[in-house]
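A.B. asks: First, the structure itself, so that you have it in front of you.
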Amino acid sequence: MFHHPTSPKKTHLRSALLATSAAAAAMLASTAVAQAQQQFPITLSVEQAPTRVAAWNGTAMWSSFDPATESYSLVQSVDGGPPLPVGVAPRRSGPFDVDLGTNRTGSTYAVYTRDDGDIYRLNVRTGGEAKITKLSSPTLVERDPTIQRGEIAFIRREHGQDQLRIGNTTSASKGSRLIVKKRAIASAELGSRHVAYVVVGSGPISSTGMLSVRVRNLSTGADREVYRATSGGANFANVTRPAFVAQPEGFVWARTNIGSGTGNRIVRYALRGSELTYAQGASSYSSTAWAGDTLGAATASSLSGQDTPGACTDAGVNHCVVQLTGPLSFDLRP
């Protein structure tokens, strides 16, 4: 059998490929060691005002308040790294109601509203920001937008009720369509096939009110309550905005309970089997999101979980921190 001699060019190419593979393997090993050495919880930031956190696939994003300008700037952390400016214009009317998800091709995008109450979308990789005019009303205010697979859901107040609406920005889009109408919707989170939203029940939440987490199938319209948190007596129950989890598909949120000091949980709801599981939470959580199995939950905390301007400092200690919990064990009782 005739064998072609190996040319010097091919030998050089093979050596280069081997060197590249070795460098890549070393980088992966270094990353694995660094992750293994991380001490959780990781404090990403100490803030001067309560903030809201979003996360997706290792990226966490939140608002940082500047007392000098009285405005909020959007910052992000990647894989537990230090916060860096996102580079968009600041917001003055409060922290960004930011959510992280994907476009139709799977790239990470953020959505939020600005002071004018209109929806904006941000390409996290390029930093490109665009106003979503197809979904923003010229006369009404939108809030709490959420994105997944290029679809955007949001809440709009009209005629004394909250409307949960959904739409996209494709050329065939005709704006948004109504999904749910309730007296008061606290928050919503879009998944790939479902939307989770928190309904405020009758009665003042601080005394005997109720918060209900509901999940709606976007294809069939099937809608069910999956969790309920009720305040009563000396206990004040709250539920943070749900976060979408891709695998196993479902949603995660925090249930806080101020009063008895018990029942503070991070709750995970799996769509398959409709199963609820529980990990340890904290009463100080005012906002939570899901950064992935390795980094766990991204949490924003304050004094007693409140988001009022004075809910940060007590006895010289600042309690407004953004953290990553690390891997969580969902093995607790409710």
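A.B. asks: If you check Tyr120, Tyr112, which single one turns out to be buried (at least 24 other Cβ atoms within 10 Å of the Cβ), free of Cβ contacts under 8 Å to residues at least 60 places away in the same chain and not basic (Lys, Arg)?
C.D. replies: Residue meeting the stated conditions: Tyr112.
A.B. asks: Residue by residue through region 286-334, note down the ones that are among the hydrophobic types (A, V, I, L, M, F, W, C) and touching a helix residue (DSSP H, G or I) at 6+ places or on another chain (Cβ under 7 Å).
C.D. replies: Within region 286-334, Ala311, Cys312 qualify.
A.B. asks: Hey, Gln280 hits all of (1) under 25 Å from Arg214 (Cα atoms); (2) surrounded by 19 or more Cβ atoms within 10 Å (Cβ to Cβ) but one; which does it fall short on?
C.D. replies: Every condition holds for Gln280 apart from (2).
A.B. asks: So, one more: Identify, please: which residue in region 242-275 is under 17 Å from Ser329 (Cα atoms) and in contact with a Gly (Cβ under 6 Å, 6 or more places away or on another chain) and is, among those, surrounded by the fewest Cβ atoms within 10 Å (Cβ to Cβ)?
C.D. replies: Out of the qualifying residues, it is Ala270.
A.B. asks: Using the structure shown, decide if Leu190 is of a type in the set (A, V, I, L, M), within 19 Å of Ala298 (Cβ to Cβ), surrounded by 15 or more Cβ atoms within 10 Å (Cβ to Cβ) and touching a residue at least 24 places away in the same chain (Cβ under 8 Å).
C.D. replies: yes
A.B. asks: Right, here's the next one. Answer yes if at least one residue in region 137-147 is within 16 Å of the chain's Cα centre (by Cα) and surrounded by fewer than 24 Cβ atoms within 10 Å (Cβ to Cβ), and no otherwise.
C.D. replies: yes
A.B. asks: So, one more: Any residue that is closer than 18 Å to Tyr227 by Cβ and surrounded by fewer than 24 Cβ atoms within 10 Å (Cβ to Cβ) - is there at least one of those in region 289-297?
C.D. replies: No - not one qualifying residue is present in region 289-297.
A.B. asks: Within region 50-64, how many residues turn out to be surrounded by fewer than 22 Cβ atoms within 10 Å (Cβ to Cβ) and among the aromatic types (Phe, Trp, Tyr)?
C.D. replies: Here the count works out to 0.
A.B. asks: I need the full set of residues from region 79-97 which are in a strand (DSSP E or B) and either surrounded by fewer than 16 Cβ atoms within 10 Å (Cβ to Cβ) or at pLDDT below 95 (or both), in order please.
C.D. replies: Result: Leu84, Pro85.
A.B. asks: Quick one: what pairs do we get from region 135-146, first residue more than 12 Å from Gly175 (Cα to Cα), second crowded, with 16+ Cβ neighbours inside 10 Å and β-branched (Val, Ile, Thr), C-beta under 6 Å, 6+ apart or different chains?
C.D. replies: Close Cβ pairs satisfying both conditions: Glu142/Thr113; Glu142/Ile119; Arg143/Thr113; Arg143/Ile155; Asp144/Ile155; Pro145/Val111; Pro145/Ile119; Pro145/Ile152.
A.B. asks: Now a separate question. For region 149-163, check the following and say yes or no: at least one residue is surrounded by 21 or more Cβ atoms within 10 Å (Cβ to Cβ) and over 22 Å from Leu100 (Cβ atoms).
C.D. replies: For region 149-163, residues surrounded by 21 or more Cβ atoms within 10 Å (Cβ to Cβ) and over 22 Å from Leu100 (Cβ atoms): present.
A.B. asks: So, in region 45-78, exactly how many residues are in a loop (DSSP other than H, G, I, E, B), out of contact with any Ser or Thr (no Cβ under 9 Å at 6 or more places or on another chain) and not hydroxyl-bearing (Ser, Thr, Tyr)?
C.D. replies: Qualifying residue count for the region: 3.
A.B. asks: Provide a single number: the residues in region 305-333 that are within 15 Å of Leu295 (Cβ to Cβ) and crowded, with 17+ Cβ neighbours inside 10 Å.
C.D. replies: 6
The values are calculated or read from the model by the stated rules, or taken from the named source; none is laboratory data. Quantities reported herein were computed from a predicted structural model and do not represent experimental measurements. When we count neighbours, we look across all protein chains shown, and the Cβ atoms used for this are built from the backbone with ideal geometry, even at glycine.
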